[in-house]
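Below is one structure, written out as structure tokens; the observations come after it.
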There are 2 protein chains.
Amino acid sequence: CSTRKKKACHLPKLPASVPSSRTQMASTSPEPAATETGDSVKIRRLQIADRERGFLPLLSQLSSCPDLTESEFAACFADLAALGDDHVILVAEDPAAAPERRILSTGCLFVERKFLRGGGKVGHVEDVVVDAAARGRGLGLRVVRRLVEIAKGAGCYKVILDCTPELRAYYAKCGFVEKGVQMAVYF
Amino acid sequence: CSTRKKKACHLPKLPASVPSSRTQMASTSPEPAATETGDSVKIRRLQIADRERGFLPLLSQLSSCPDLTESEFAACFADLAALGDDHVILVAEDPAAAPERRILSTGCLFVERKFLRGGGKVGHVEDVVVDAAARGRGLGLRVVRRLVEIAKGAGCYKVILDCTPELRAYYAKCGFVEKGVQMAVYF
């Protein structure tokens, strides 16, 4: 992972009149309070205001993540929010951190529907990252475990993810076992 | 893969008045004619009538695939068709085969949208299978290559899939290279 970029986001706050459905990913089940690590970091759904809290610089530690303008971010957020509970992005927020660096970890779940398994569902975990300065506190594991719980609650018969061989032991802590190889074509 | 089940589907045909958008997966670009293998097998989008052509027994060679009633199949088809070009199921149909065994291969592509890569898209290839009696004719490769073309045309920056280690060389024929390991949790 690359070093965390320290670019701050100085954006106007959204007006209070913006409906919550447009600013927070839909959820049929509220997330329980975070208590596992005893710190003040909360795991919750992505909010549109997280662009101002360092969400994109955090993702850039995982892969190329050019900045998105406020409207580009909002469009991407709306595309994903339209998928409802079939697409969940969780973030770990530290309310004690500087405003533009509050998002310390994130991870995504999307639910794929199949004809297999009687019209079964599979959860795919993607884009898991923990801020380089916040590693070792179990934040990534909290995010991934919550995503797995959500997938189970949604009726998925399995959850899968792809990772580097070095991360096998990390994901084993969340119950994952190795199943195969990941292949890719890049354009 | 298990041996192909020979269960035939004897279902009434859909009335001719059913709109094509309800019976065929949406497409913004028609598939070109199949010419690669010189046989009469055509690669095309899944149609709702493929339930009568052996689509589910074919999938059962890949994984557990209990039969779906006509209405269950239609509901699953509608859920996936609602995703438009973000979810494509291709089939290889042999018009010369017995009516209930015409679908010889299938594969699926779904498109995941991300905040990474400037709001980038990733294609996921899933549920690729070739009828045990039709292997060695390149049908699976035709399906996968077409899925990769569709993903590229949709603006995906990569296409990924998971497979067993034994299938690495097979997917290398379509340009795939090994990238990591697949991990899974089963419920």
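The values are calculated or read from the model by the stated rules, or taken from the named source; none is laboratory data. Only a predicted model underlies this, so the values are computations on that prediction, with no experimental measurement involved. Backbone-built Cβ (ideal geometry, glycine too); neighbour counts: all protein chains shown. With ligands, DNA and RNA removed, areas are computed over all heavy atoms of the protein, side chains included. Shrake-Rupley method; radii C 1.70, N 1.55, O 1.52, S 1.80 Å.
Which of the residues that make up segment B:159-178 are part of a strand (DSSP E or B), surrounded by fewer than 17 Cβ atoms within 10 Å (Cβ to Cβ) and not aliphatic (A, V, I, L, M)? Within segment B:159-178, B:E178 is the sole residue that qualifies. Just give me the residues in segment B:155-182 being among the aromatic types (F, W, Y) and at the interface with chain A (Cβ under 7 Å from one of its Cβ atoms), in sequence order. Once the filter is applied, which keeps residues that are among the aromatic types (F, W, Y) and at the interface with chain A (Cβ under 7 Å from one of its Cβ atoms), segment B:155-182 yields B:Y157, B:Y171, B:F176. Of all residue pairs spaced 6 or more apart or on separate chains, those with beta-carbon atoms under 6 Å, a first member in segment A:63-82 that is among the small types (G, A, S) and a second member that is open to solvent by less than 60 Å² (accessible area, probe 1.4 Å) and at pLDDT 95 or above are A:S63/B:L116. Under the condition of being more than 20 Å from B:L80 (Cβ to Cβ) and not in a helix (DSSP H, G or I), which residue from segment B:124-143 is least open to solvent (accessible area, probe 1.4 Å)? So the residue we want is B:D131. Within segment B:72-127, the set of residues being among the hydroxyl-bearing types (S, T, Y) and away from chain A (no Cβ under 11 Å) comprises just one member, B:S105. When segment A:96-123 is limited to residues that are among the small types (G, A, S) and assigned to a helix (DSSP H, G or I), the one that is farthest from B:H87 (Cα to Cα) turns out to be A:G118.
Filtering segment B:43-71 to residues that are small (G, A, S) and within 11 Å of chain A (Cβ to nearest Cβ) leaves B:S60, B:S63, B:S64. From the list B:D86, B:D79, B:D67, the one residue that fits, being over 14 Å from B:R146 (Cα atoms) and touching a Cys at 6+ places or on another chain (Cβ under 9 Å), is B:D67.
Annotation note: of A:R135, A:R146, the sole residue that is more than 8 Å from chain B (Cβ to nearest Cβ), in contact (Cβ under 8 Å) with a residue 60 or more places away in the chain and either out of contact with any Lys or Arg (no Cβ under 6 Å at 6 or more places or on another chain) or hydroxyl-bearing (S, T, Y) (or both) is A:R146.
Is segment B:93-113 home to any residue that is buried (at least 16 other Cβ atoms within 10 Å of the Cβ), basic (K, R), modelled with pLDDT of 95 or more and within 20 Å of B:G153 (Cβ to Cβ)? Yes: one or more hits.
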